[in-house]
1. At a 10 Å Cβ-Cβ cut-off, how would you order F35, F25, fewest neighbours first?
2. Straight-line reach from K31: which lysines fall under 17 Å, measuring Cα to Cα and dropping same-chain residues less than 8 apart?
3. Going by how many other Cβ atoms sit within 10 Å of their own, how do I109, I104 line up, fewest first?
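Each reported figure results from applying straightforward, stated rules to the coordinates on display, with no laboratory input. These numbers were taken from a predicted model, which means no experiment stands behind them. Note: ideal-geometry Cβ built from the backbone for every residue, glycine included; neighbour counts use all protein chains shown.
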Amino acid sequence: MHRTILALTVFCGAATAAQADTRYFCSADDKDVRFTVESGFEAGGGHKLNHLRGALVAKNDDVPQALKKIAVSSENLMHHWSHDGELRLEIFYEGGDDANGQGISLIVIAGQRGKSMNTFSGTYELALDGGAKALTATGKVTCGSK
């Protein structure tokens with residue numbers, strides 16, 4: 001009887017671990033930008049967002065001071081996709097009056113469909129929206145999952 005209860009306990013514990021939430025973290029550091037973002041998604045259907053947080057430092061001198069160093073959170077996540085080894089995030093931060101109505105848009109696309117890995121790479125696109133002069137940057141991003 002004790003063996004049956006022990007086996008059932010181990011089986012239930014393993015089933016719970018298989019349904020664990022997924023956390024992703026991505027970062028880049030190049031001549032245009034330095035950023036890190038961390039996001040968490042539920043493992044169940046729909047991969048509902050648990051949280052997003054991160055920081056971004058724009059290195060271009062044409063970026064308004066109010067947008068040079070920003071912190072982002074779940075409210076800045078416009079779109080997300082986490083499925084079958086792919087991660088896609090679209091983050092928008094509005095600078096408000098201090099940035100003359102301008103905002104920063106960051107898109108991260110990483111992973112490879114059908115290949116779930118602990119570490120993977122991809123690309124980012126950064127754009128300064130709403131300004132008189134369009135500023136954009138692209139580069140490589142490194143990501144991982146827990």
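1. Working: F35 22, F25 16.
In order of increasing Cβ crowding within 10 Å: F25, F35.
2. Output for K31: K59, K68, K69, K140.
3. Values: I109 16, I104 27.
In increasing order of surrounding Cβ atoms, one gets I109, I104.
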